[in-house]
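What follows draws every value from the coordinates through simple rules; no lab data is involved. Please read these numbers as outputs of a predicted model, since none were measured by experiment. Every residue, glycine as well, gets a Cβ built from its backbone with ideal geometry; the counts of neighbours run over all protein chains shown.
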Amino acid sequence: MEWANAIVQGVLLGGLYALLAAGLSLMFGVMRLVNLAHGALAIVAAYAGLVLVQKTGMPPFASIVIVVPLMAILGWVLQRTLLNTALNRQALAPILVTFGLAVIIQNLLLELFTADNQSIDVGSLASSSIQITPDIAIGVFPLITFIVGVLVIGLLQQYLARTATGRAMRATSDDREAAELMGIDNKYVYSLATAISLGLVGIAGVFLGIRTQFNPTFGDATLIFAFEAVIIGGLGSLWGTLAGGMILGIAQTVGAQAFPSSGVLLGHVVFLLVLAFRPTGLFPKVVNG
Amino acid sequence: MSKSLAGAAVTQTVKVRRSTRSSYVGVAVFAIAIAALAIGPFAFLTKGNQQNLVTLFTYIILGTMWNLLAGYGGMVSIGQQAFIGIGAYGIVYAADNLGVGPIIAVPIAMVISGAIAYLVSFLAFRLSGGYFAIGTWVIAEVIKLVTTQITALGAGSGISLTAFAGAKPEIRIATVYWMALASVVVAVLVTYLLIRSRLGAGFTALRDDPTAAATLGVHVTRSKRVIWVAAAMGCGLAGALLAANTLRVQPDSVYSVQLTAAMIFIVVIGGIGTIEGPIVGAIVYFALEQYLSDLGAWYLVILGSVAIIMVLFLPQGLWGLLSGKGRIQLFPTGYRLISGPPIAEGSKES
């Protein structure tokens with residue numbers, strides 16, 4: 001049953017989209033900033049993983065341990081310098097600044113790595129799979145991606161729900177001024193949110209680099225897929241974002257099964273249908289945390 | 001307005017004016033420049049010059065349209081390439097397949113762009129801010145992917161404009177040049193009149209504070225839709241001119257997000273929220289492109305960095321610097337109070 005297989009592959013792909021989308025959603029939730037450089041930064045992480053694996057010969061999964069803190073530091077610095085300044089300027093500034101950042105990153109990557117497709121080599125893991133039924137085989141690597149995606153989203157949810165800084169983040173999200181009056185340092189919360197967001201992008205970027213061939217222009221599609229997962233799932237809900245990622249993944253793999261060259265288009269169509277009929281998303285936030 | 005001055009009642013006369021001395025100078029300068037450009041092909045412009053100027057005129061139209069959206073409507077779109085592409089395909093389809101000739105095909109292409117923009121607005125307007133920006137981008141991707149499925153439009157490989165076949169190159173190039181010159185004049189003037197109109201005052205109120213504008217009776221969604229459709233028609237016009245200038249339409253280039261990036265750079269460099277800004281920005285962008293495009297990807301790295309610096313530290317753009325913080329206005333859109341000579345009470349009837 002190739003359709004069932006396509007659905008399973010779509011669900012697994014959804015784990016990757018959810019990882020990408022969670023960071024985008026977190027930054028928007030905390031500071032109402034839509035980071036248009038989100039996709040480009042995921043490709044930075046993919047190249048970082050590639051360089052580490054190629055230069056040091058370390059196992060690809062080990063590179064995540066280095067890429068994630070590097071991306072988190074990059075996020076912290078970006079927030080302290082560029083993004084906080086942009087948030088204090090006129091309303092359009094954050095959108096324009098992050099768009100400019102995306103253009104800069106994409107073209108720097110083009111200069112450094114050329115436009116050639118590359119991917120992070122994981123050896124036999126890339127092709128190994130578990131046979132479930134005669135027709136359905138689950139790739140080991142997509143399964144790992146999915147499990148990591150679910151675990152990370154679960155951890156993030158717990159972090160926001162149960163820790164003091166997590167509560168500070170939700171408080172800032174609900175009412176910035178009130179949170180500030182309660183003694184919460186907005187700048188600290190913002191920097192932390194961006195650091196976490198880019199840490200997630202670090203994981204997602206390395207997984208993306210293992211999963212597919214990528215090049216510097218890949219950031220555009222990455223941003224769009226992350227955004228679609230957020231909107232399909234509904235703003236403000238992390239589990240919704242995971243579901244949104246899975247729905248987008250299924251739409252793309254089933255779409256590709258039906259019309260081989262139109263998987264991405266059918267993903268967009270599902271997004272537009274949700275926008276038309278359920279603009280708040282399929283799983284909007286009911287209770288925070 | 002009356003005030004007491006040394007015991008005698010004095011009335012201050014106040015006049016409301018839109019035009020300024022600089023705007024009269026501006027109109028004169030523009031009229032002379034347009035007249036000179038119009039006779040250019042007979043006198044001093046080579047075919048290459050004319051083709052380059054068509055590109056510049058296209059940039060001015062694109063910058064003006066993106067400025068209309070973001071600078072007056074408060075809508076940051078990253079999906080305007082959708083309407084550029086529709087305009088480019090529209091002129092080829094109307095001129096070649098419907099056989100109406102390239103000049104009549106331009107307004108047809110614009111109407112198609114406007115109609116699709118109208119339909120699409122019902123989806124795009126469900127999002128706002130940064131999500132609106134990415135949403136418009138998705139819509140542009142969908143329109144591109146759908147276009148590449150249509151075999152009548154050349155599918156993935158694109159189509160050529162053949163309506164000019166048989167015309168002498170100098171006649172064709174000059175025709176496209178005059179079309180572009182007329183288009184840029186009309187596009188800037190229509191945008192200016194739109195901004196000056198009652199509707200335009202609503203737009204500005206809307207951009208500055210949508211809630212307050214709505215309370216004062218501005219039809220928020222309707223006004224945004226007027227801007228959105230007008231900007232799409234302008235982008236369709238630019239797309240039609242690009243197709244007429246290069247005679248070739250390829251989906252990956254006419255639907256490229258780089259075109260919207262160019263629009264953003266033009267507006268940010270020139271100055272957002274003024275009519276003059278995008279014109280200045282387009283000239284600067286065009287010049288930079290001529291001289292720096294050899295740098296390859298570094299060129300866009302530099303452009304992106306300049307844009308970020310301008311947004312953060314010089315939000316009024318180059319025109320803001322040149323005009324001395326808005327004192328010089330070539331296209332005044334606001335109203336100014338001019339105080340006349342004071343008149344002693346009683347010396348004037350009524």
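Of all the C-alpha pairs in the stretch A:66-143, what % are more than 22 Å from each other? For the stretch A:66-143, the share of Cα pairs beyond 22 Å comes to 55 percent. Among A:229, A:8, B:117, pick out the residue whose Cα is farthest towards the positive end of the charge dipole of the protein assembly as shown, where Lys and Arg carry +1 and Asp and Glu carry -1 on C-beta, about the Cα centre. The listed residue farthest towards the positive side: B:117. What you get for the stretch B:40-263, charging only the Cβ of Lys and Arg (+1) and of Asp and Glu (-1), is a dipole of about 260 debye around the Cα centre. What is the Cα centroid distance between the stretch A:215-243 and the stretch B:188-260, reported in whole angstrom? Each part reduced to its Cα centre gives a spacing of 28 Å. Based on C-alpha pairs under 8 angstrom that are at least 6 apart in sequence, chain B has a relative contact order of 34 percent.
In terms of packing, defined here as the mean over residues of other Cβ atoms within 10 angstrom, the peptides A:45-51, B:265-271, A:189-195, B:95-101 line up highest first as B:265-271, A:45-51, A:189-195, B:95-101.
For the protein assembly as shown, the calculated P(r) over all alpha carbon pairs, in 20 Å bins from 0 to the bin holding the longest distance, is 18, 48, 27, 6, 1, 0 percent. Over all other residues within a Cβ to Cβ distance under 15 Å of residue B:298, the charged ones net out to -3, with Lys and Arg as +1 and Asp and Glu as -1. Each Lys or Arg adds one and each Asp or Glu takes one away; over the other residues whose Cβ falls under 11 Å from the Cβ of residue A:189, this sums to +2.
The alpha-carbon of residue B:144 sits under 15 angstrom from the alpha-carbons of these aspartates and glutamates, leaving out residues fewer than 8 places away in its chain: A:220, B:252. Spatial offset of the stretch B:82-102 relative to the stretch A:110-145 amounts to 43 Å, using the alpha carbon center of each. Mean separation of Cα pairs under 8 Å and 6 or more residues apart, divided by the residue count, gives the stretch A:2-277 a relative contact order of 40 percent. Simple point charges give the picture: +1 on the Cβ of Lys and Arg, -1 on the Cβ of Asp and Glu, and for the protein assembly as shown a dipole about the Cα centre of about 1740 debye. The coefficient of translational diffusion for chain A, derived via Stokes-Einstein from the alpha carbon Kirkwood radius under 37 °C and 0.692 mPa s, stands at 170 µm²/s.
Placing a pseudo-label 7 Å from each Cα along the Cα-to-Cβ vector at residue B:189 and residue B:13 gives an inter-label distance of 3.3 nm. Of all aspartates and glutamates in the structure, the ones whose alpha carbon falls short of 18 Å from that of residue A:187, not counting any fewer than 8 places away in one chain, are A:174, A:175, A:177. A run of chain B free of exposed loop cleavage sites, with GluC sites (Glu not before Pro) counted only in DSSP states other than H, G, I, E and B and at most 16 other beta carbons within 10 Å, reaches its longest extent at B:1-344. A straight Cα-to-Cα reach below 20 Å connects residue A:55 with the aspartates and glutamates A:111, A:116, A:121, residues fewer than 8 places away in its own chain not being considered.
Just to confirm a number: summing +1 for Lys and Arg and -1 for Asp and Glu over residues other than residue B:261 whose beta-carbon lies under 14 angstrom from that of residue B:261, what do you get? Neighbourhood net charge equals -2.
With all pairs of separate Cα atoms included, chain B yields a Kirkwood hydrodynamic radius of 21.7 Å. Charge dipole (Cα centre; +1 on Lys/Arg Cβ, -1 on Asp/Glu Cβ; no other charges) of the stretch A:2-277 amounts to roughly 520 debye. Ordering B:98, B:108, B:139 by Cα displacement along the dipole of the stretch B:40-263 toward the positive end leaves B:108 in first place; charges were set at the Cβ atoms of Lys, Arg (+1) and Asp, Glu (-1).
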